[in-house]
Amino acid sequence: MLFLGLMVALIGLLYLGLPMFAALFLLPLGVLLAVEGGVPALGEMVIGKLDGYLLVAIPLFMLMAHVMVRGRVVDDLYGAAFALFRRVRGGVGIATVLACTIFAAISGSSVATALTVGKIAIPQMLRYGMSRKGAFGVVAGGGTLGILIPPSAPMVLYAYVTETSVGALFLAGLVPGLMMAAMFAAYVMITESRAVVPEGDPPPEAIGPVMARAGWSMSLPVFVLGGIYMGVFTATEAAGTGTLYALFIAAVIYRTLTWRDLIAGVQEATRTSSMLLLIIAGAAIYGYMLTKLGVPQKLTGEIAALGLDRTGFLIAMMVLLFILGLVLESFSIILLTMPAILPAMEVLGIDKVWYGVLLTLSLEMALISPPVAMNLVVIKAITGAPLSEVNRSIMPYMIMLAIGTGLLIAFPGIALWLPRQAGYAG
């Protein structure tokens, strides 16, 4: 298959040490020079791909998350979750899942979720009797919720590439995200029931202030997502106003955000966004190459020849996405695969919103799958535990994510019911 051959060639260039954007420029340029003798209107192609109003939302959402983290606003999230579930068996682990769920709605980043919550939660979980395997696993698994529960930067990019409604995608990710969080919490409750917090720890009088302070951080996703769903903001406007609201919370309410923190957050968001824009520019040339080689049409023909129905195609794509996720990050996978498979999805009648959530779940599994699993590397950095020990902790969460993906394939309404109720999808 030509598409798979091109993917293998691209991964080979990455293993030679080329940055992703460089590999995305060199491979299609080389192929097009050999096949076509040149690439006409290259500059117009790249500028046209980058000239998208929706893309502005990505750096703004990133900056919003950096402001909340560097202002230490999210530190109270775990304290509030711990106060709510401290009397439940395994409650310290359930509190971690809840903190990951809420922080995921703020950051939109799985790695940031695992890092921020893990630094606070892992010592607490070990202190109150959870096993090391259980503590590591729940942070790694809970961290994956960062790209599924909205707002999600990969979902914004997917919406841009596929011309899908961001609001519909955000709504579609909400129920599956909460479903996965509930599965993680139930697993912790069953397997870590011996983890119990003693009476009076924390003191009852300490609970009220913690809950009150956490209310500010919990209000941010409500503000952002509520504005989108009620039609007050577009996704880009929501990212901008959400960033201003985050600045207000961190600088005025908490008074913990310094100028140095703000500058560092802007620099980090700028670096990440610049890298993404370079990848998008390379992906524009890559997509042009696929079109010139007729890859989408050939892929559609091969699927028809194999006799794959919609379910078979989705299962095959989930496996491919998982494999790609072992070596590539989520933005690159979206940009590389969608130009080739969109025509096949249209032929098979696959809803783009539904597929976007399935794609995100497959990327979540890859995030905690060795050898390249950033969530696991983060936990190793936090705890100093051997990577082999951290790796062993994630198998139950891999299985639960696979079950969640299977349920979503079998019952599309899990993802599509909420957008349809809001009038986004047919």
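The values are calculated or read from the model by the stated rules, or taken from the named source; none is laboratory data. None of the values given here were measured: they were computed from a predicted structure. Positions of Cβ are backbone-derived with ideal geometry, glycine not excepted, and every protein chain shown enters the neighbour counts. The area values use the complete protein model at the heavy-atom level, side chains included, leaving out ligands, DNA and RNA. Shrake-Rupley method; radii C 1.70, N 1.55, O 1.52, S 1.80 Å.
Of all residues in the stretch 226-239, which are within 15 Å of residue 57 (Cβ to Cβ), open to solvent by 20 Å² or more (accessible area, probe 1.4 Å) and under 21 Å from the mean Cα position of the chain (by Cα)?
Of everything in the stretch 226-239, those that are within 15 Å of residue 57 (Cβ to Cβ), open to solvent by 20 Å² or more (accessible area, probe 1.4 Å) and under 21 Å from the mean Cα position of the chain (by Cα) turn out to be 234, 237.
What do you reckon, is residue 51 of a type outside the set (Gly, Ala, Ser) and closer than 25 Å to residue 255 by Cβ?
Values: of a type outside the set (Gly, Ala, Ser): yes; closer than 25 Å to residue 255 by Cβ: no.
Criteria not met by residue 51.
Which of the residues that make up the stretch 385-400 are more than 11 Å from residue 140 (Cβ to Cβ) and under 19 Å from the mean Cα position of the chain (by Cα)?
Listed by number, the residues that qualify are 399, 400.
Give the residue that is farthest from residue 300 (Cα to Cα), with candidates limited to residues of the stretch 316-345 that are among the hydroxyl-bearing types (Ser, Thr, Tyr) and crowded, with 20+ Cβ neighbours inside 10 Å. Break it down into steps so the answer makes sense when it comes.
We begin by selecting, within the stretch 316-345, every residue among the hydroxyl-bearing types (Ser, Thr, Tyr); these are 330, 332, 337.
Now drop any that are not crowded, with 20+ Cβ neighbours inside 10 Å, which leaves 330, 332.
Values: 330: 24, 332: 22 Å.
If we take residues in the stretch 316-345 being among the hydroxyl-bearing types (Ser, Thr, Tyr) and crowded, with 20+ Cβ neighbours inside 10 Å, then 330 is farthest from residue 300 (Cα to Cα).
When you check residue 313 against the structure, is it farther than 27 Å from residue 84 by Cβ and open to solvent by less than 80 Å² (accessible area, probe 1.4 Å), yes or no? Spell out the reasoning first.
Values: farther than 27 Å from residue 84 by Cβ: yes; open to solvent by less than 80 Å² (accessible area, probe 1.4 Å): yes.
Against the criterion (farther than 27 Å from residue 84 by Cβ and open to solvent by less than 80 Å² (accessible area, probe 1.4 Å)), residue 313 qualifies.
Kindly list the number of the only condition in (1) open to solvent by 50 Å² or more (accessible area, probe 1.4 Å); (2) not in a helix (DSSP H, G or I) that fails for residue 385.
Unmet condition: (1).
For the stretch 31-52, indicate whether the set of residues that are at pLDDT below 80, of a type outside the set (Lys, Arg) and under 20 Å from residue 245 (Cβ atoms) is non-empty.
Scanning the stretch 31-52, I find no residue that is at pLDDT below 80, of a type outside the set (Lys, Arg) and under 20 Å from residue 245 (Cβ atoms), so the answer is no.
Of (1) in contact (Cβ under 8 Å) with a residue 60 or more places away in the chain; (2) of a type outside the set (Gly, Ala, Ser); (3) within 28 Å of residue 227 (Cβ to Cβ), residue 248 satisfies all except one. Which?
All conditions pass for residue 248, except number (1).
If you go through the stretch 47-63 one residue at a time, do you hit one that is basic (Lys, Arg) and assigned to a helix (DSSP H, G or I)? First the steps, then the outcome.
We begin by selecting, within the stretch 47-63, every residue basic (Lys, Arg); these are 49.
This time we only want the ones that are assigned to a helix (DSSP H, G or I), so: 49.
Yes, the conditions are met somewhere in the stretch 47-63.
Report yes if some residue within the stretch 261-268 is under 19 Å from residue 54 (Cβ atoms), among the β-branched types (Val, Ile, Thr) and surrounded by fewer than 19 Cβ atoms within 10 Å (Cβ to Cβ); otherwise report no. Talk me through it step by step, then tell me what you get.
Going through the stretch 261-268, the residues under 19 Å from residue 54 (Cβ atoms) turn out to be none.
No, there is no match, as no residue in the stretch 261-268 is under 19 Å from residue 54 (Cβ atoms), among the β-branched types (Val, Ile, Thr) and surrounded by fewer than 19 Cβ atoms within 10 Å (Cβ to Cβ).
Determine which single condition residue 356 fails, assuming it passes every other condition in (1) in contact with a helix residue (DSSP H, G or I) (Cβ under 7 Å, 6 or more places away or on another chain); (2) modelled with pLDDT under 85; (3) part of a helix (DSSP H, G or I).
(2)
List pairs: first in the stretch 14-27 and under 15 Å from residue 274 (Cα atoms) and in contact (Cβ under 8 Å) with a residue 12 or more places away in the chain, second in a helix (DSSP H, G or I) and open to solvent by 60 Å² or more (accessible area, probe 1.4 Å), Cβ under 6 Å, 6+ apart or cross-chain?
21/278
Provide a single number: the residues in the stretch 74-84 that are buried (at least 24 other Cβ atoms within 10 Å of the Cβ) and not hydroxyl-bearing (Ser, Thr, Tyr). Steps first, answer last, please.
Going residue by residue through the stretch 74-84, those that are buried (at least 24 other Cβ atoms within 10 Å of the Cβ) are 74, 77-78, 81-82.
Now drop any that are not not hydroxyl-bearing (Ser, Thr, Tyr), which leaves 74, 77, 81-82.
The qualifying residues number 4.
Counting residues that are farther than 20 Å from residue 343 by Cα, which helices (runs of 4 or more DSSP H) fully inside the stretch 229-307 reach at least 2?
Numbers: elements: 235-248, 259-293, 295-306.
In the stretch 229-307, the matching helices (runs of 4 or more DSSP H) lie at 235-248, 259-293.
Would it be correct to say that residue 368 is modelled with pLDDT under 85 and touching a Phe, Trp or Tyr at 6+ places or on another chain (Cβ under 7 Å)? Step through it out loud before you land on a result.
Working: modelled with pLDDT under 85: yes; touching a Phe, Trp or Tyr at 6+ places or on another chain (Cβ under 7 Å): yes.
Considered against the rule, which asks whether it is modelled with pLDDT under 85 and touching a Phe, Trp or Tyr at 6+ places or on another chain (Cβ under 7 Å), residue 368 comes out as yes.
Could we say that residue 164 is part of a helix (DSSP H, G or I) and either without any contact (Cβ under 8 Å) to a residue 12 or more places away in the chain or of a type in the set (Ser, Thr, Tyr) (or both) here?
On the way: part of a helix (DSSP H, G or I): no; either without any contact (Cβ under 8 Å) to a residue 12 or more places away in the chain or of a type in the set (Ser, Thr, Tyr) (or both): yes.
No: the conditions fail for residue 164.
Taking residue 39, is it assigned to a loop (DSSP other than H, G, I, E, B), over 21 Å from residue 136 (Cα atoms) and over 26 Å from the mean Cα position of the chain (by Cα)?
Yes: the conditions hold for residue 39.
Answer yes or no as to whether residue 408 is open to solvent by less than 20 Å² (accessible area, probe 1.4 Å), part of a helix (DSSP H, G or I) and either modelled with pLDDT of 90 or more or of a type in the set (S, T, N, Q) (or both).
Details: open to solvent by less than 20 Å² (accessible area, probe 1.4 Å): yes; part of a helix (DSSP H, G or I): yes; either modelled with pLDDT of 90 or more or of a type in the set (S, T, N, Q) (or both): yes.
For residue 408, the condition - open to solvent by less than 20 Å² (accessible area, probe 1.4 Å), part of a helix (DSSP H, G or I) and either modelled with pLDDT of 90 or more or of a type in the set (S, T, N, Q) (or both) - is met.
Please work out if residue 364 is open to solvent by less than 30 Å² (accessible area, probe 1.4 Å), part of a helix (DSSP H, G or I) and either touching a strand residue (DSSP E or B) at 6+ places or on another chain (Cβ under 7 Å) or not hydrophobic (A, V, I, L, M, F, W, C) (or both). Before you say what the answer is, go through the steps one by one.
Working: open to solvent by less than 30 Å² (accessible area, probe 1.4 Å): yes; part of a helix (DSSP H, G or I): yes; either touching a strand residue (DSSP E or B) at 6+ places or on another chain (Cβ under 7 Å) or not hydrophobic (A, V, I, L, M, F, W, C) (or both): yes.
The answer is yes for residue 364.
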